[in-house]
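A short reminder: the numbers here are calculations on the coordinates, not readings from a lab. Everything numeric in this text was worked out from a predicted model, so none of it was measured. So basically every Cβ, Gly included, is an ideal-geometry build from the backbone, and we count neighbours across all protein chains shown.
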Amino acid sequence: MTITKESELVEVPFWFDPLCPWAWVTSRWLLEVEKVRPVHADWRLMSLAHLNLVQRKGEGLSEDYRNQMEEAWGPVRVCAAAAEYAGREVFGRLYTAIGARFHNQGRRDDPAVIPEALTEAGLPAALAAAAGSEEFDQLIRDSHDEAFNEVGLDVGTPVLRIGGMTLFGPVIRQAPRGEAAGRLWDGLVLVAGTEDFFELKRSRDRSVRPSFD
């Protein structure tokens, strides 16, 4: 498909938590879709920490995963602080800067990631201090609730909205490129156009891990 200047762009809200590797893969797919369909990603915040520790009350979490969720507050708080400082349009480049370091470079535990990512995104590295502050938590909750009040609490991330329908997914191991990305998008558009659609799923083997190539 060739995108012309006359093509009407479709805004696609996409809720992300920088820590989630599956959301990262799906977000890179959506950027591929932008190249072959008249689509524009509208990046928005959700919080795995809020979902798992507050809304789900931490039920069934291992100690290790609970600790991961406590730490997950930091990056999403920094993203919220960045939006307050520079507007929501900063989300795309900041998410890319953080995600590339967390996932592609395997540096999730490196404290240098957030200051580096802020600098790459053209933001003050001092915004990293927001990681330990609750100042922007209401902004995070409001954005999070916009998605999860519709999609429900029995899912995670990625979450996106197509044609007025908010959906969990697509969960993909590796982002398809070019026209393959476009075809997956086309399928989701068809699904989202069915008002009474609720679920389409297959189980993931424990050996399946996201690929960031």
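In segment 176-213, of all residues being in a loop (DSSP other than H, G, I, E, B) and among the basic types (Lys, Arg), the one that is surrounded by the most Cβ atoms within 10 Å (Cβ to Cβ) corresponds to Arg177. Restricting the first member to segment 61-72 and to residues that are within 19 Å of Ala131 (Cα to Cα) and touching a residue at least 12 places away in the same chain (Cβ under 8 Å), and the second to residues that are exposed (fewer than 14 other Cβ atoms within 10 Å of the Cβ) and not hydroxyl-bearing (Ser, Thr, Tyr), the beta-carbon pairs closer than 8 Å and six or more apart or on different chains are Arg66/Gly58; Met69/Gly58.
Whether a residue is farther than 22 Å from Phe14 by Cα, small (Gly, Ala, Ser) and out of contact with any Gly (no Cβ under 9 Å at 6 or more places or on another chain) was assessed, and Ala130 does not pass this test. Filtering Glu135, Glu150 for residues that are of a type in the set (Asp, Glu), out of contact with any Pro (no Cβ under 6 Å at 6 or more places or on another chain), farther than 18 Å from Thr26 by Cβ and surrounded by fewer than 20 Cβ atoms within 10 Å (Cβ to Cβ) leaves a single hit, Glu135.
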